[in-house]
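Data first, discussion second: the structure below is written as structure tokens.
The values are calculated or read from the model by the stated rules, or taken from the named source; none is laboratory data. As the structure is a prediction and not an experimental result, all values here were calculated from the model. Here the Cβ is made from the backbone with ideal geometry for all residues, glycine too, and neighbour counts use every protein chain on show.
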């Protein structure tokens, strides 16, 4: 098995939710707690989580053993900046990771099997980037080999890694299906909770 780090991005201000969405309750768990629990269950070595807005409150509420929390003070610069910060911090750990799997902290419905299948595919070809296929675009979850770490550290703005993933013939569009539901608003939250009752 390759030496893979998982990076969960959860630094946003939750402007559309109007309260920290990392701490909205779904059943007995916080939203971010659900994603971190799934990340820890994967066939990977270490899990890192980038926090920014409301980081002190989130750390008080969420006790997740074996998670390396990273506080990004410049979180207002957007998702790309959070990726660059997270990768920079991971690179400083000197763990010689073969790859990093990037997840969003507000996508609780993505199956563990989907993410582990990404990791398995990477282990078969360690030169490729593996991106989730949204139909008309590629996005995260996405797995990047170590050779992309320096590129990821140069990202800026609020586009995430879209510019790397789209229009790059070295990116593998992952064919497996999963539930990419984002929890951005109260309506999203209510709709997701209803699916759990079915």
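Filter the stretch 160-185 for residues that are surrounded by 15 or more Cβ atoms within 10 Å (Cβ to Cβ) and either on the phi > 0 side of the Ramachandran plot or free of Cβ contacts under 8 Å to residues at least 12 places away in the same chain (or both) and give the result. Hit for the stretch 160-185 is 160, nothing else. Tell me which residues, restricted to the stretch 1-17, are free of Cβ contacts under 8 Å to residues at least 60 places away in the same chain and farther than 12 Å from residue 53 by Cβ. Result: no residue meets the conditions.
For the stretch 9-38, enumerate the residues that are part of a helix (DSSP H, G or I), under 21 Å from residue 85 (Cβ atoms) and within 12 Å of the chain's Cα centre (by Cα). Across the stretch 9-38, the qualifying residues are 32, 35, 36. Residues in the stretch 28-62 that are touching a helix residue (DSSP H, G or I) at 6+ places or on another chain (Cβ under 6 Å), buried (at least 16 other Cβ atoms within 10 Å of the Cβ) and free of Cβ contacts under 8 Å to residues at least 40 places away in the same chain: 30 alone. Considering 44, 99, the condition of being under 27 Å from residue 117 (Cβ atoms) and at pLDDT below 95 is satisfied by 44 alone.
Against the conditions (1) more than 19 Å from residue 9 (Cβ to Cβ); (2) modelled with pLDDT of 95 or more; (3) surrounded by 13 or more Cβ atoms within 10 Å (Cβ to Cβ), residue 113 satisfies every one except (3). Among the residues of the stretch 123-164, those that are assigned to a helix (DSSP H, G or I) and farther than 22 Å from residue 3 by Cα comprise 162, 163, 164. In the stretch 186-198, of all residues being surrounded by 15 or more Cβ atoms within 10 Å (Cβ to Cβ) and touching a residue at least 12 places away in the same chain (Cβ under 8 Å), the one that is nearest to residue 133 (Cα to Cα) corresponds to 192.
Return yes or no: is residue 58 within 15 Å of the chain's Cα centre (by Cα), part of a helix (DSSP H, G or I) and modelled with pLDDT of 95 or more? In short, no.
Mind checking which residues of the stretch 63-92 are touching a residue at least 60 places away in the same chain (Cβ under 8 Å) and not in a helix (DSSP H, G or I)? Answer for the stretch 63-92, where residues must be touching a residue at least 60 places away in the same chain (Cβ under 8 Å) and not in a helix (DSSP H, G or I): 72, 78.
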